[in-house]
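Contents: one structure, followed by commentary.
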């Protein structure tokens, strides 16, 4: 009996440890059946679990060995990992964007990512940057803690239990999705329910009355955005995309793909259970319009509350976050002359859709067979020498760049992410005014709707090629991206990739066709309340 209990205890410890990846660690990628919403399908696990937390401290050296044991033919098997929100100064080769910073890690191989986010702390995430692979589960939270956080006096608790992730989930693998993607479920901390499905277990965020919590909200989305709120509680925002802000209190916020918010939650309500709500803008079977039966929901549970679903209601007139009301806490002024169009480099990107492809200034991005960084390391001297033609923009060193991107192309709102930088949002979606004094800084911005004209600024102080793309993965794969080749003259000196980095391309180029071919999964009719049946078809 004692041995059985000991074995169970050791197993529990092992599972708990697998939920956290440390700054120096191994990440083994495997395929296995998962059922986060009560529907069973194959997915991608990291160290045997779905989306474990990567945890580190400010100024830690990160050494993360990614072991690729993916073998399911219905999903992509080569991979690369992007550490979203980290600037990768001097380690552009470790940024993880396939076709820009590296070749993929082939199945049966491993690659060691080494980087030091010096002086940088905050809320980030990691995900595959190979095709639409992260939609099948290769994504998770990443937090770098600061022992001297300027906002520390505002909260009592900040640990792995105060992280809230939002993810879209599909009942067929991402490579088999045809047409506009429509998620079957919203997962909150990896759990959820789908419309017409079983009463699957929901995630619970535990709090104690009288305490204040730094909640780190992370959108791991491939496509939808969410309206996020917690019944009966305000959200005091103190961080956006790894950048501290002046405290700003709202009842509800809209969070787009790749964005993060830290907010202080004051557990000042009666002991009870409260709904955590994340309403998506799209989904199958009416997902976007319901919270019935715990769909799009998790539970905030006070210590001493019953083990039951909440009976609370949402605020009928919530104070909604307006991005223009957020202000940077540290070095708040936008760089450059505080006048629209007065930066050193002024760019305007016109989005379009033609021939079934998205375009930026008339060109649809096509991932090159040789990564942009390798092209530069091999002697390319200017953007004209770089592939893909028409999608690479050279930026000179130590210049202020102003980028204007009007909204309006179909499929929006489009959330755009810039690798290698945080930028000042001097004009937000929904606003006609400019703020050069204390705009919010972030790395993913929504372009808004037709008529909006988002304007951002950043300084070219980080040599290397950096991706700028829509973070709706299906749009990125359909051409909605460009590459900034920043300070090309100093890129080679500023970055020193290991020998194994160049070998990634050699190994990948030698893969047989069966290592990358996909067997499609076809969705059959799914009667309400019953599981769908799938069949495979070889391509």
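Quick notes on this structure:
- Fewest-first sequence of 260, 55 by Cβ atoms within 10 Å of each Cβ: 55, 260
- In whole angstrom, segment 101-204 maps to an equivalent ellipsoid with semi-axes of 29, 24, 10, each derived as √(5λ) from the alpha carbon gyration tensor and ordered largest first.
- Neighbour-count ranking [beta-carbon atoms within 10 angstrom, fewest first] of 151, 414: 151, 414
- Per the Kirkwood formula applied to alpha carbons, segment 145-186 shows a radius of gyration over Rh ratio, Rg over Rh, of 1.30.
- Pairwise Cα inverse-distance average, inverted: Kirkwood Rh of segment 51-113 (Å): 13.0 Å
- Dmax and Rg, reported as Rg then Dmax, of segment 297-340 (C-alpha, Å): 20.1, 57
- Overall form of segment 223-314 per C-alpha gyration tensor (a/c, 1.5; a/b vs b/c): oblate
- Principal axis dimensions, segment 342-416 - Cα atoms, whole angstrom, descending: 38, 35, 18
- Cα Rg over Rh - segment 18-148, Kirkwood: 0.96
- Value of Rg to Rh for segment 407-494, rounded to two decimals, is 1.01; Kirkwood radius and Rg both from alpha-carbon coordinates.
- Only alpha carbons enter this Debye calculation for segment 150-321, each as an equal point scatterer, and the log10 of I(q)/I(0) it gives at q = 0.09, 0.15, 0.17 Å⁻¹ is -0.29, -0.81, -1.04.
- The Cα trace of segment 83-137 gives Rg and Dmax of 12.0, 35 Å, the first to one decimal, the second as a whole number.
- Cα-based shape type of the chain, given that a ≥ b ≥ c are square roots of the gyration tensor eigenvalues and the cut on a/c is 1.5: rounded
- Förster-model FRET efficiency, 56 Å R0, residue 291 and residue 490, C-beta, rounded to 0.05: 0.60
- Cβ-derived FRET efficiency at R0 30 Å, residue 389 paired with residue 348, nearest 0.05: 0.90
- Sorted by Cβ density within 10 Å, fewest first, the residues 514, 366: 514, 366
- Spin-label pair residue 499/residue 160, simplified geometry with 7 Å Cα→Cβ offset, distance in nm: 3.6 nm
- Treating each Cα of segment 345-500 as an identical point scatterer and summing with the Debye formula, the log10 of I(q)/I(0) at q = 0.12, 0.15, 0.17, 0.20 Å⁻¹ comes to -0.51, -0.79, -1.00, -1.30.
- With the gyration tensor restricted to C-alpha atoms of segment 183-266, the semi-axes of the equivalent ellipsoid amount to 24, 17, 10 Å, longest first.
Rule-based calculations on the coordinates, nothing more; no lab input. Worth saying up front: this structure is predicted, and the values here are computed from it rather than measured. Ideal geometry is used to build each Cβ from the backbone, glycine not excepted, and the neighbour counts take in all protein chains shown.
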